[in-house]
1. Roughly what would the spin-label model give for residue 131 and residue 256, points 7 Å off Cα along C-beta, in nm?
2. Which whole-number percent gives the relative contact order of the chain, counting Cα pairs below 8 Å spaced six or more residues apart?
3. Among 303-309, 432-438, how do they line up from the highest to the lowest mean number of other beta-carbon atoms within 10 Å?
4. Straight-line reach from residue 97: which aspartates and glutamates fall under 16 Å, measuring Cα to Cα and dropping same-chain residues less than 8 apart?
5. Strictly over 30 Å apart at the Cα level, which of 5/203; 173/198; 113/438; 5/155; 113/430 would you flag in this model?
6. Would you please report the Å³ per residue occupied by the convex hull of the alpha carbon atoms in region 279-429?
7. Just how large is the dipole of region 325-447 about the Cα centre, in debye to the nearest 20, putting +1 at every Lys and Arg Cβ and -1 at every Asp and Glu Cβ?
8. With 10 angstrom as the radius, rank 374, 227, 88 by how many other C-beta atoms surround their C-beta, starting from the fewest.
Amino acid sequence: MSPEKTIIFANTAEAFKDQLLESGNTDEGQARIRHELALSQRAFFWEKDHKVVVTPYGIPEALINHNSQVLGFQDVINVSPRELSLDLSAQVQGDIKLWTELVQLLRDNPGSKLSPYAYTPGFIQIINRLRGENVNFQVSEEPTDPNIASFLDSKAGFRQIMIELSVLHPEVKIPAGQICSTRSEAIDFVQSLFAQGKAGVIKANMGESGWGTIFLKPEDFSDVAELNSHIDRVLDGDNIWRGGLLIAEEYIHPDLSVSGGSPSTELYVDNQGHRITYSCEQVVSPSGEFLGVGVGAGSVKPEFLTTLETAANIVGQRYYDLGYRGFFDMDFVISTDGTPYAVETNTRRTGGTHVYDIARAVFGEQQSLWGYLLSQDSLRYGDQAVNAEELLARSQKLLYPMNGSKRGVIITLINTSDPVLGYVAIGDDKAEVLRLQKQIKRSLLGK
């Protein structure tokens, strides 16, 4: 009998397919689609060895071979459906050859685990169809309520649960705000903030990664008419705002000196309960440039880490009680007076999950022994896309493990259509990694 495997479904783009398709009629929308598809390559690093990674299109072979060698992976297979689509689950089911191979894989490796990026309706169909094939597998990330993941992933669902928790637990704090059924309600709330000299935020209910968020400061508008005109222009200009609820909140001015003002804690929930996997920071330069997500030594100051993880554990228990299963992260903003405010949860794997798994592969499970890792998923390295072999060659002197040490850069994704790649830089501490980041940019950008 073969050892159990993990079959990873990198349905990253599928999780946002409706929003992506609605915005796909512009050049910007098409670029966003290509980038979301490329992000699926990060799934190569999820979990450990002995896995099959199902992606919308194949990860460059040179990248797989290099990263398998440096991380010690000996049993990683990458497969993809014949047709490229945002809906990975549908394409997997429609590809007779691939489906037959997956069923046979489960017959040969009974007890193997299925693990997605996100628990989507399409992934539910895959689970149900495989059960009909009478094969033996497990899914640890299957909610007891099939609708709970999308509810908690929405801005309105998150806010509803946080309001309930904040009454019982003062450790859980959220910005003042309200769930709005109409645009006029959201505008009225922002106007009330302006009257108090405060800034506001309006969020689309199903926005993601900053898409569907507008920040509104009173000093930017001369009068109410100008504010209304600006909001109308933004909301009418992108399909992410079409229909559905809006959330209007007070803008919390972040203390950028504390984890970039926006730390995050990721948790994993299964039938045994919940546990924190890691916490991370947003790394921002003195000029305000976003540099990446930082994980490991010193990424979150101990005095803040305790506060964040106390709140995260309260939320994790509540999500467990509601029937959610799987990964989720909880994003915070640290105010200038040092108060952490929870601003959203994302009920799926996140942009830091692969960094966490790389850290485990490099440094081991004991987080107190970790160095520092910094990820960047969208480095534009030129005007035209080049192949993986060329990018690896350009970066050769900086690639992990530099001089046999636990330092260097791991290229995590290569967009095959656009000159964009992702990487994780690894070192002993943040200062060393920031120097390494400058070196990789010079190596790839020639500056």
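1. According to this spin-label approximation, the distance is 5.0 nm.
2. Values: 834 pairs, mean separation 65.4, N = 447.
Value for the chain: 15 percent.
3. 432-438, 303-309
4. Within the straight-line cut-off, residue 97 pairs with 83, 133.
5. Values: 5/203 40 Å; 173/198 18 Å; 113/438 39 Å; 5/155 35 Å; 113/430 35 Å.
Cα-Cα > 30 Å for 5/203; 113/438; 5/155; 113/430; rest within.
6. Values: hull volume 22.3 nm³, N = 151.
That works out to 148 Å³ per residue.
7. Working: 15 positive and 14 negative charges, 84 e Å.
Result for region 325-447 is approximately 400 debye, rounded to the nearest 20.
8. Values: 374 26, 227 19, 88 31.
Taking fewest neighbouring Cβ atoms as first place, the list is 227, 374, 88.
Any read-out appearing in this document is the output of simple, stated calculations on the displayed coordinates, not a laboratory observation. No experiment lies behind these values; they were computed from the predicted model shown. So basically every Cβ, Gly included, is an ideal-geometry build from the backbone, and we count neighbours across all protein chains shown.
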